[in-house]
Amino acid sequence: MGSRYILILILLSLAFVAASSCVEVFAQPQSISGPVVIVDFNVPVDPGSAAFMARVVSTAQDRNAAAIVIEMNTPGGLISDMTTIINSITAANQSGIPTYTFIVPNGLGASAGSYIAMSTNRILMAPGSEIGPSTPIVVGGSDLEQNHTQAALLLYMTSLGEQWGRNTTAVYNMVQGDQAYSASEAVTFHVADGTADSLSSALSQLGLSGNQQVVLSENLYEDVISALSNAILDGILFLIGIIAIVLDVYHPTIVLTIVGVIAIIAGLIGAEIIDASMLGIVILVIAAALIVVELKLGHGFALMAGVILGAFGVFYLSFGLQYSPSPITGIVEIELGLLVVFGIIIGLYIRWVIGPLRHRSKLTGPEAMVGKTGVALTDLKPGGEVRIQGEIWRAESSSGDIQKGETVKVKTLKGLIVVVGKTEEPKQAGN
């Protein structure tokens, strides 16, 4: 009886070893001799980098890659795009291609980047690098929205840590306590799996130093999408586009109008990409209307008011969006301040330079002739010629035939023809 139990234990042990071996085999790349795809992830987490990572995984699958190695240095970004990138990494693992993170010397795996790193098979960190903090921010959100988002991402982060056998308590603190870890701390607390001085050292530790390297970076399309994913830039482009068109009306060149239209379209596309706050968009539209009204008023104040209101619209574009970290920083406040200063300068330019020039033009141009008197050089029946202020003009009578030598008064202009009428004769006394 005892020998039977021993036999059963031996068989169970062998089954456990076999199962462990199978898991280990599954964790290895399908083709260890395939290329290793090196990802230059020195970018924010946004729609452009999400599209980039989707292309990375597709390329790795097409080439039967041995692994994907993310060279990370990112401050984080949009949470929605973070989850898209993690889904791409999951797809790579499911196809048998492991994904590793190497946070470069003095680099960041911060905020949304820390979640991406946590979703990979192994994390290696270089000296001077850090991972975290990972607390999400709902820009302009209520306490309830903030708490709801933070609770959801707390569970998400700890699940990612648990999936790869990392210290869930330390990972928990990254989200709940806004904790960041240096390379040595991350390894000590088992948030990261090791350190490496360079990419070549990291590849050696991963058993990939002999593999062909395929280095991928964001292409032009992805760079543009990344740039337009910045809500602050989108709002500024929209406002500058409106101002450029208004200025082109004062100084007709068509160039400013073309630039302005391109800037407006780019700003609107960017706002659509990030699903910007409707409140911010409405404020920007009202600001644009004020700027356009300047064409009618011409005193500069409407444009200044429009730009100041527009700065608030730019600020509100990010409201309700989930970020890690918050996009509203001291630099953004400086940018919006400079935008307001720019608007005030343009408004004063219209008030002090363009306004007086337009007024002087009206005083010295053809419009200034209205009301002036002259002499008919020929009979006007109804057309002919008149002399006004020493200049000879083609004329047309608006008050019947006018005899040569009669005094006439300019009523209006029709192109290069003056429309004149007889001057009123002074009334005789007693009549």
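The values are calculated or read from the model by the stated rules, or taken from the named source; none is laboratory data. It should be emphasised that the depicted structure is a prediction, and the values quoted were computed from it without experimental measurement. Because the Cβ atoms are built from the backbone with ideal geometry, glycine has one as well, and the counts that use them run over all protein chains shown.
A few notes on this one:
- Residues that are within 22 Å of Leu284 (Cα to Cα), of a type outside the set (A, V, I, L, M) and not in a helix (DSSP H, G or I) occur in region 222-233; there is at least one.
- In a residue-by-residue description of region 107-128, the property of being hydrophobic (A, V, I, L, M, F, W, C), free of Cβ contacts under 8 Å to residues at least 12 places away in the same chain and either farther than 23 Å from Ala186 by Cβ or in a helix (DSSP H, G or I) (or both) applies to no position.
- Number of the exception - Gly113 against (1) under 29 Å from Ser277 (Cβ atoms); (2) out of contact with any strand residue (DSSP E or B) (no Cβ under 9 Å at 6 or more places or on another chain); (3) crowded, with 19+ Cβ neighbours inside 10 Å: (2)
- Considering the conditions (1) surrounded by 13 or more Cβ atoms within 10 Å (Cβ to Cβ); (2) assigned to a helix (DSSP H, G or I), Asn147 is excluded by exactly one of them, (1).
- Of the criteria (1) surrounded by 15 or more Cβ atoms within 10 Å (Cβ to Cβ); (2) part of a helix (DSSP H, G or I), which one Ser200 fails: (1)
- Whichever residue in region 241-272 is within 14 Å of the chain's Cα centre (by Cα) and surrounded by 18 or more Cβ atoms within 10 Å (Cβ to Cβ) and, among such residues, is nearest to Pro44 (Cα to Cα): Gly270
- Within the span defined as region 157-165, every residue fails to be surrounded by fewer than 22 Cβ atoms within 10 Å (Cβ to Cβ), more than 24 Å from Tyr100 (Cβ to Cβ) and free of Cβ contacts under 8 Å to residues at least 40 places away in the same chain.
- Cross-chain or 6+ apart pairs with Cβ under 6 Å, region 273-296 first and under 27 Å from Glu222 (Cα atoms), then polar (S, T, N, Q) and outside any helix (DSSP H, G or I): Ile273/Ser229; Ile274/Ser229
- Residue count for region 116-142, restricted to those that are more than 25 Å from the chain's Cα centre (by Cα) and either among the polar types (S, T, N, Q) or surrounded by fewer than 24 Cβ atoms within 10 Å (Cβ to Cβ) (or both): 9
- Residue in region 178-193 that is surrounded by fewer than 21 Cβ atoms within 10 Å (Cβ to Cβ), in the same structural domain as Ser159 (by TED's automatic domain parsing) and modelled with pLDDT under 95 present: yes
- Some residue of region 91-103 being in contact with a Phe, Trp or Tyr (Cβ under 6 Å, 6 or more places away or on another chain), crowded, with 17+ Cβ neighbours inside 10 Å and part of a helix (DSSP H, G or I): no
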